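Asks: Mind looking over this structure? Questions follow.
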Amino acid sequence: MDRFEQVRQVLGDVLQLGERAERLRPDSGLIGELPEFDSLAVVGLIAALEDEFGITIHDDDISGETFETLAALTQFVESKLAH
């Protein structure tokens, strides 16, 4: 499973999207586009990404751009894994 698929699966699990998660593409918007993606979901997603990928995400690592699209989120995770 490639990194995009992993991130999409974690997002789908956190937001409980079920089969809808499979329709998410790299350019799919997150904040403001998915009704399930609210501030509490952001916190849950961060925790799930940390667990799934063994990374640490600090508050100052995150910006609105991080959650703009699924591609942006995947790129963020990849950048954290590179460090």
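Asks: Any residue in segment 62-83 that's more than 16 Å from residue 2 (Cα to Cα): show its pairings with residues that are open to solvent by 80 Å² or more (accessible area, probe 1.4 Å) at Cβ separation under 6 Å, as long as the two are six or more apart or on different chains.
Replies: Matching pairs, first to second residue: 67/31; 69/27.
Asks: I need the full set of residues from segment 9-22 which are open to solvent by less than 50 Å² (accessible area, probe 1.4 Å) and free of Cβ contacts under 8 Å to residues at least 40 places away in the same chain, in order please. Reasoning before the result, please.
Replies: Taking segment 9-22 as the starting set, the residues that turn out to be open to solvent by less than 50 Å² (accessible area, probe 1.4 Å) are 10-12, 14-15, 17, 21.
Once the filter is applied, which keeps residues that are open to solvent by less than 50 Å² (accessible area, probe 1.4 Å) and free of Cβ contacts under 8 Å to residues at least 40 places away in the same chain, segment 9-22 yields 12, 14, 15, 17, 21.
Asks: Let me ask something else about it. Hey, residue 25 hits all of (1) closer than 15 Å to residue 78 by Cα; (2) surrounded by fewer than 18 Cβ atoms within 10 Å (Cβ to Cβ) but one; which does it fall short on?
Replies: For residue 25, the failing item is (1).
Asks: Taking segment 19-74 on its own, how many of its residues are aliphatic (A, V, I, L, M) and part of a helix (DSSP H, G or I)?
Replies: Total meeting the criteria: 14.
Asks: Still on this model: What single numbered condition from (1) in contact (Cβ under 8 Å) with a residue 24 or more places away in the chain; (2) touching a helix residue (DSSP H, G or I) at 6+ places or on another chain (Cβ under 6 Å) fails to hold for residue 6?
Replies: (2) is the only condition that residue 6 fails.
Asks: Just checking, does segment 66-81 include any residue being open to solvent by 80 Å² or more (accessible area, probe 1.4 Å), out of contact with any strand residue (DSSP E or B) (no Cβ under 6 Å at 6 or more places or on another chain) and among the basic types (Lys, Arg)?
Replies: No, the conditions are met nowhere in segment 66-81.
Asks: While we're on this one: Return the pair list, or none, for Cβ contacts closer than 8 Å from residues in segment 36-55 that are in contact (Cβ under 8 Å) with a residue 40 or more places away in the chain to residues that are open to solvent by less than 30 Å² (accessible area, probe 1.4 Å) and not in a helix (DSSP H, G or I), at least 6 apart or on different chains.
Replies: Qualifying pairs under 8 Å: 49/55; 49/57.
Asks: Would you confirm whether any residue within segment 50-57 is under 12 Å from the mean Cα position of the chain (by Cα) and at pLDDT below 95?
Replies: Checking segment 50-57: not a single residue is under 12 Å from the mean Cα position of the chain (by Cα) and at pLDDT below 95.
Asks: Can you tell me which residues in segment 45-65 are in contact with a helix residue (DSSP H, G or I) (Cβ under 8 Å, 6 or more places away or on another chain) and open to solvent by 40 Å² or more (accessible area, probe 1.4 Å)? Outline the logic, then answer.
Replies: First, pick out the residues of segment 45-65 that are in contact with a helix residue (DSSP H, G or I) (Cβ under 8 Å, 6 or more places away or on another chain): 45, 48-49, 52-53, 55-57, 61-62, 65.
Of everything in segment 45-65, those that are in contact with a helix residue (DSSP H, G or I) (Cβ under 8 Å, 6 or more places away or on another chain) and open to solvent by 40 Å² or more (accessible area, probe 1.4 Å) turn out to be 52, 56, 61, 62, 65.
The values are calculated or read from the model by the stated rules, or taken from the named source; none is laboratory data. This one's a predicted model, so the numbers in the text were calculated from it and none came from an experiment. Neighbour counts are summed over all protein chains in view; Cβ atoms, including those assigned to glycine, are modelled from backbone coordinates with ideal geometry. SASA here: full protein model, heavy atoms, side chains in, ligands and nucleic acids out. Shrake-Rupley method; radii C 1.70, N 1.55, O 1.52, S 1.80 Å.
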